[in-house]
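Q: The structure is given below, and queries will be raised subsequently.
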Amino acid sequence: MKPLLLILFLFQSLIGFSQTTTTTLHKTKIGFVLSCKNDMEINKSSNDTTFTVFCSFQNQQYQHITDIGSVFIMNKEKLDKTIDELKECLKYMDKKSMNFSIGPFSIYDFSKNLYINDDEKYTTLNKKGVLKWIEWLERCIVE
């Protein structure tokens, strides 16, 4: 009987360490390019809650292979910084004679689109998409 109780106790302890619940608070797709979600993860054993914002995109360099880039946000400071950088980019999106870069975002003189960069991966968003992304990010919850 004692070995059975010991096994049950160990099994319960192991289960307690790995119990997390993830809930998507809201998600959106911006154009055909950007898929975003705002998640809340609760660790049941420690009662810790983590909020994340994850936006992914297909690298425009490739059409026939999957190569995913992303923007990942885990705290309020990074969220605010991302929103501020996007708002700063809006000022330059109509000026086709100038290059501008801030954080992972760039605007080039040959295009009015915003380039979102993640290492060697990139995608583009037009001004309407950037405005929609900012609006969505402003509703996101992170700590």
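The values are calculated or read from the model by the stated rules, or taken from the named source; none is laboratory data. Computed from a predicted structure; not experimentally measured. Every residue, glycine as well, gets a Cβ built from its backbone with ideal geometry; the counts of neighbours run over all protein chains shown.
Q: Only one of LYS128, LYS132 is more than 24 Å from THR20 (Cα to Cα) and crowded, with 16+ Cβ neighbours inside 10 Å; which?
A: Just one listed residue meets the conditions, LYS132.
Q: Moving to a separate point now. Can you find, within segment 81-94, the residue that is nearest to the chain's Cα centre (by Cα) among those that are hydrophobic (A, V, I, L, M, F, W, C) and buried (at least 20 other Cβ atoms within 10 Å of the Cβ)?
A: Filtering segment 81-94 for residues that are hydrophobic (A, V, I, L, M, F, W, C) and buried (at least 20 other Cβ atoms within 10 Å of the Cβ), the one nearest to the chain's Cα centre (by Cα) comes out as LEU86.
Per-residue answers, yes or no, for (1) farther than 29 Å from GLN19 by Cβ; (2) surrounded by 16 or more Cβ atoms within 10 Å (Cβ to Cβ); (3) not hydrophobic (A, V, I, L, M, F, W, C):
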{"residue": "VAL33", "(1), (2), (3)": "yes, yes, no"}
{"residue": "LYS37", "(1), (2), (3)": "no, yes, yes"}
{"residue": "THR49", "(1), (2), (3)": "no, no, yes"}
{"residue": "CYS55", "(1), (2), (3)": "no, yes, no"}
{"residue": "ASN75", "(1), (2), (3)": "no, no, yes"}
{"residue": "LEU79", "(1), (2), (3)": "no, yes, no"}
{"residue": "TYR115", "(1), (2), (3)": "yes, yes, yes"}
{"residue": "THR123", "(1), (2), (3)": "yes, yes, yes"}
{"residue": "GLU138", "(1), (2), (3)": "yes, no, yes"}
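Q: If a residue has to be in a strand (DSSP E or B), in contact (Cβ under 8 Å) with a residue 60 or more places away in the chain and under 21 Å from THR123 (Cα atoms) to count, how many in segment 27-51 make the cut?
A: Summing the residues that are in a strand (DSSP E or B), in contact (Cβ under 8 Å) with a residue 60 or more places away in the chain and under 21 Å from THR123 (Cα atoms) in segment 27-51 gives 5.
Q: Which residue is surrounded by the most Cβ atoms within 10 Å (Cβ to Cβ), if the candidates are limited to segment 57-66 and must be assigned to a loop (DSSP other than H, G, I, E, B) and touching a Ser or Thr at 6+ places or on another chain (Cβ under 9 Å)?
A: Checking each candidate, the answer is ASN59.
Q: So is LYS81 charged (D, E, K, R) and without any contact (Cβ under 8 Å) to a residue 12 or more places away in the chain or not?
A: Against the criterion (charged (D, E, K, R) and without any contact (Cβ under 8 Å) to a residue 12 or more places away in the chain), LYS81 does not qualify.
Q: Could you please tell me which pairs satisfy a Cβ distance under 6 Å, a separation of 6+ or placement on different chains, a first residue in segment 107-132 that is closer than 15 Å to LEU90 by Cβ, and a second residue that is small (Gly, Ala, Ser)?
A: As it stands, the answer is TYR115/SER106; GLY129/GLY31, since those pairs meet every condition given.
Q: Return the only residue of THR82, THR21, THR28 being at pLDDT below 95 and closer than 23 Å to GLU143 by Cα.
A: Being at pLDDT below 95 and closer than 23 Å to GLU143 by Cα holds for just one of THR82, THR21, THR28, which is THR21.
Q: Sticking with this one: Residue by residue through segment 70-92, note down the ones that are under 13 Å from VAL130 (Cβ atoms) and in contact with a Ser or Thr (Cβ under 9 Å, 6 or more places away or on another chain).
A: VAL71, CYS89
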